[in-house]
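Data block below; observations after.
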Amino acid sequence: MEFKMPEFPAGTKQFCLGAIAGAVVLGWTGFDALGWKLSSAAEALANKKAEAAVVSAYASICRAQFAKGADFSARLAALKKIEPYSRGESVAKAGWATMAGSKEPQYGVAQECADLLLPAKT
């Protein structure tokens, strides 16, 4: 017995190639332009945003602690004299960025706090 491959209708090859090209274009458009994400990329983005939200919240607390302390005007004037890139280190050394229950400030909180206290001029 001999098996004979059935004949496909005319235009089947062009249809299949068009469908494959359409799928490739749809995938490329979705991931590039429409913002589709793989689960690993979405998780990394979510972690980054959560970390930024925590730093922002802690920086607001730091700013409030700095403002409540004695002699606010003098400390703010001293902070203005320091170079902008070193202000975060100064705030951290003074202990304003260290939250209750922590031994040292979380990364980025001190610089964000200094930026809240003395915003950059644009």
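The values are calculated or read from the model by the stated rules, or taken from the named source; none is laboratory data. Computed from a predicted model, the values in this text were never measured in an experiment. Cβ: placed from backbone, ideal geometry, glycine included. Neighbour counts: every protein chain shown. Quick note on the areas: whole protein, heavy atoms, side chains included, nothing else; ligands and nucleic acids left out. Shrake-Rupley method; radii C 1.70, N 1.55, O 1.52, S 1.80 Å.
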Whole-Hz ³J(HN,Hα) from phi, Karplus 6.51 cos²θ - 1.76 cosθ + 1.60, for the stretch 8-14, glycine and proline x
8, x, 5, x, 5, 4, 5
What is the Å³ per residue value for the convex hull set by the Cα atoms of the chain?
194
Fully extended contour minus Cα-Cα distance, from ALA52 to PHE72, at 0.36 nm per residue
4.5 nm
Which entries of LYS68/LYS103; LYS80/LYS121; LYS37/LYS121; LYS48/LYS93 have Cα-Cα distances beyond 24 Å here?
LYS37/LYS121; LYS48/LYS93
Output the peptides 58-69, 29-40, 1-12 sorted from most to least packed, where packing is the average of other Cβ atoms within 10 Å over each peptide's residues.
58-69, 29-40, 1-12
Whole-number accessible area per residue in Å² for the chain, which is evaluated in the context of all protein chains at 1.4 Å:
79
In deg cm²/dmol and to the nearest 500, what is the mean residue ellipticity at 222 nm of the chain if only DSSP H runs of at least 4 residues count, each as -39500 (n - 2.57), divided by the residue total?
-21000 deg cm²/dmol
Under the Karplus relation 6.51 cos²θ - 1.76 cosθ + 1.60, θ = phi - 60°, what is the ordered set of whole-Hz ³J(HN,Hα) values for the stretch 31-46, x standing for Gly and Pro?
6, 8, 9, 8, x, 4, 9, 6, 4, 5, 5, 5, 5, 5, 5, 5
Computed about the Cα centre, the charge dipole of the stretch 1-91 from +1 Lys/Arg and -1 Asp/Glu charges at the Cβ has a magnitude in debye, to the nearest 20, of 580
Rounded percent of accessible protein surface that carbon and sulfur make up, the chain, 1.4 Å probe
63
